[in-house]
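Just so it is clear, none of the values below were taken in a lab; they were calculated from the coordinates. Quick caveat, the model's predicted, so the values are computed rather than measured. Reconstructed Cβ throughout: ideal geometry from the backbone, glycine too, with neighbour counts over all protein chains shown.
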Amino acid sequence: MAAFLHVAHRHNFEARILRRERVFRERSNPLADFTDGELYSRYRFDRNGILFISQLLREEIQSPTERSCAIPAEIKVIIALQFYACGTFQRTIGDTIKISQSSVSRIVSIVSSSLARKLAEFVRWPAAADEQNIKRGFFTIAGFPGVVGLIDGTHVRILAPSEHEEQFVNRKNYHSINVQVVVDNRCVFTQINAQWPGSTHDSRVLRESRLADVFGRHRPAGRGENNEEGYLLGDTGYPSKPWLLTPFLQAGNRAEARYNGAHKTTRSLVERTIGQWKRRFHCLHGEIRLSPERTCRVIAACAVLHNIAKQRGLPDIEEDHMNNPPHPQPEQPVHHDDGNLVRNHVVHTYFQHHR
């Protein structure tokens, strides 16, 4: 009997070893299986880009041990990238890489948190030395002077949360996170705020952001003729401020009409950037079935990855006519007099005479 138990124990031990080895062998490695083009199509980054992200996050996401066929950092990054790129169910990702759905969920959470912690490193306000180049870049679009950034908001749809559900219902009557972004002339994010529920008004998101500090809370009105900081351009959902220029609701003369036209043409770049971002990371188009907190980390992670893709010169995903409803705006925005003074100065100085 003892000999029988010994043999059975040995058999079970060998079976467990073989089972672990078989799992390791059958787990696919896209870096070895796919070309650069195939990697980009599936994960939005080529081989070098995936390796760059893996090295960037390695210390935080690498398993501390190689026991039980630990998943390498590169495979964890690929799993998260597939989730961001496809917005697909996590079970499908697990079937592709040959790991469990629970492991996929855990990996996406770990990688998203690690990327979100890199936000200040990759999404940052331009240095003073770069602002002149940004102003020149924006000016070449439609002749609008002094622009250092474009501001806009977009909603990312989420599953109805179990707590404070009503706060996440936006003006289009679906649950979302209200995301405020600022971009430069290269379609790079220079600021992102992804922490407000969908019912929050754009003006509050702006007020609670640090943008006012960037431009100075107490900048005197009428400083437009000597504006070293430059301006943001925003749509009518934002209040007019000395540092945030909005269009006229109705142009009263030709100069205001020219101002509105240049404003619209220049500001279209932020809409294009949001479109590029959501096409690159399709999870932002559909309903993210995670808690609001985890969704906010996914949004931040995708912003970091967007800027990394721009830094590396990766091509944008082509237009595919995906449904991206316009950002809801208030019907009657409130304009502050000091902002209107600066706006009027810009109109009279740069748009009064046809150039």
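A few remarks follow.
- Exposure proxy for T349, T236, T273: other Cβ atoms within 10 Å of each Cβ, ordered fewest to most, give T349, T236, T273.
- Cβ-based exposure ranking for K264, K310, in which fewest neighbours within 10 Å come first: K264, K310
- Note on H353, H285: ascending count of other Cβ atoms within 10 Å places them as H353, H285, the fewest first.
- Global form of segment 29-186, assessed from the alpha-carbon gyration tensor, a/c cut-off 1.5: oblate
- Put a plus charge on the Cβ of each Lys and Arg, a minus charge on the Cβ of each Asp and Glu, and nothing anywhere else: the dipole of segment 126-351 about its Cα centre is then about 320 debye.
- Out-of-range pairs (alpha-carbon distance over 22 Å; input K172/K241; K118/K264; K135/K310; K76/K118): K172/K241; K118/K264
- Separation in nanometres of the label points that stand 7 Å from Cα toward Cβ, at N133 and L341: 3.5
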